[in-house]
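Nothing in this text is a laboratory measurement; each read-out follows from the coordinates by a stated rule. Please read these numbers as outputs of a predicted model, since none were measured by experiment. Backbone-built Cβ (ideal geometry, glycine too); neighbour counts: all protein chains shown.
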Amino acid sequence: MITLTEENYIKAIYHLSNNGEKTVNTNAIAEVMQTKASSVTDMIKKLSEKNYADYKKYQGVSLTENGRRVATNIIRKHRLWEVFLVEKLNFSWDEVHEVAEHLEHIKSDKLVNELDAFLEFPTHDPHGDPIPDKEGNFKHVEKIVLAKAEVDATYKCVGVDDTSSKFLKYLDSNKIGLGTIMTVKHKEPFDNSIKLALADSEIVVSQSVAKNLYLKKV
């Protein structure tokens, strides 16, 4: 039986490895998990023994096929619960992540599959992230960060990279959410800030905001 801590490590490795496509060093995992590198090494050895991870000393760790399956299943549950919390229980998008962190560890496949059907098989969570299906497949969406957007081009907001409550509340206060249409009016060379034209206002956002907002050209 896989433990909650093991699931958290597997999920962290998956995200750090760019969805399982590269190896990750133990220091990066330690930083995410807020623990010592020696503790990470001990856990990775356990994951290797259970065939969830492949660890090579001095090279790093990657997930096995079993590990990737566990990771995408956790992510699926997390994002489905976020949809449920927003659509059915009226949570705001800045409130759901912490709650879903607990709900993602529920082991019942039947519950998750019924939840998916109850929500009418959503493809994206409230932050714009794709929800994998039962086989772990993601629906790919073409997107760029605002920092790379073209001046005078119009885009739709399709997601965020930073899902912290502080950042999402900032977006709310500036009337930016999923589906918001915006036109890039100017990029300031001095500090890389960007002027945006929204439906009924113009705002200037910092480079840190621009790196965390995903857009699709319309």
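Below, the figures for the structure above:
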{"quantity": "Positive dipole terminus of the chain, leading residue within Asn137, Leu119, Thr41 (C-beta point charges)", "calculated": "Thr41"}
{"quantity": "The chain: Rg to Rh, with Rh as the Kirkwood radius over Cα pairs", "calculated": "1.01"}
{"quantity": "³J(HN,Hα), Karplus 6.51/-1.76/1.60, whole Hz, each residue of segment 31-47, x for Gly, Pro", "calculated": "5, 5, 7, 6, 9, 7, 4, 5, 5, 5, 4, 4, 5, 4, 4, 5, 5"}
{"quantity": "Whole-number percent relative contact order across segment 1-143, with pairs defined as alpha carbons under 8 Å at least 6 apart", "calculated": "20"}
{"quantity": "Highest-MSF residue in the chain out of Lys45, Lys169, Lys36 [GNM, Cα springs under 10 Å]", "calculated": "Lys36"}
{"quantity": "Integer Hz, Karplus 6.51/-1.76/1.60 couplings in order for segment 94-110, x for Gly and Pro", "calculated": "8, 9, 7, 4, 5, 5, 5, 4, 7, 5, 5, 8, 5, 8, 6, 5, 4"}
{"quantity": "GluC sites (Glu not before Pro) within segment 93-138: DSSP coil, no more than 13 neighbouring Cβ in 10 Å", "calculated": "Glu120, Glu135"}
{"quantity": "Dipole moment magnitude, nearest 20 debye, segment 64-218 about Cα centre, only Lys, Arg, Asp, Glu C-beta charged", "calculated": "300"}
{"quantity": "Under 5 Å, built H, 5+ apart or other chain: amide partners of Asp125", "calculated": "Ile131"}
{"quantity": "Listed residues Ser208, Ser92, Ser108, most fluctuating in the chain (Gaussian network, C-alpha, under 10 Å)", "calculated": "Ser108"}
{"quantity": "Calculated from backbone phi, Karplus (6.51, -1.76, 1.60) coupling profile of segment 146-154 in Hz, x at Gly/Pro", "calculated": "3, 4, 9, 6, 8, 5, 6, 9, 10"}
{"quantity": "Listed pairs Lys88/Lys169; Lys36/Lys166; Lys36/Lys216; Lys36/Lys156; Lys77/Lys187 exceeding 32 Å between Cα atoms", "calculated": "Lys36/Lys216; Lys36/Lys156; Lys77/Lys187"}
{"quantity": "GNM flexibility winner over the chain from Asp116, Asp54, Asp94 (Cα, springs under 10 Å)", "calculated": "Asp54"}
{"quantity": "Net length gained if the chain between His102 and Lys166 were fully extended (0.36 nm per residue, minus Cα distance)", "calculated": "21.0 nm"}
{"quantity": "Ellipticity estimate at 222 nm from DSSP helix runs (n ≥ 4, -39,500 (n - 2.57)) divided over the chain, nearest 500", "calculated": "-12000 deg cm²/dmol"}
{"quantity": "Per-q log10 I(q)/I(0), segment 48-91, q = 0.17, 0.26, 0.27, 0.29 Å⁻¹ (Debye; single scatterer per alpha-carbon; no solvent)", "calculated": "-0.58, -0.84, -0.87, -0.92"}
{"quantity": "Separation of alpha-carbon centers, segment 131-149 and segment 14-78, rounded to whole Å", "calculated": "22"}
{"quantity": "For the chain, with +1 on Lys and Arg beta carbons and -1 on Asp and Glu, the positive-most of Ile2, Leu63, Ser108 along the dipole", "calculated": "Leu63"}
{"quantity": "Largest-first ellipsoid semi-axes for segment 1-78, taking √(5λ) over the Cα gyration tensor eigenvalues, angstrom", "calculated": "17, 13, 12"}
{"quantity": "Label-point gap, in nm, between His140 and Lys185 - each point 7 angstrom along Cα→Cβ", "calculated": "3.6"}
{"quantity": "Extension gain, Asp54 back to Ala37 (0.36 nm per residue minus Cα-Cα distance, nm)", "calculated": "4.4 nm"}
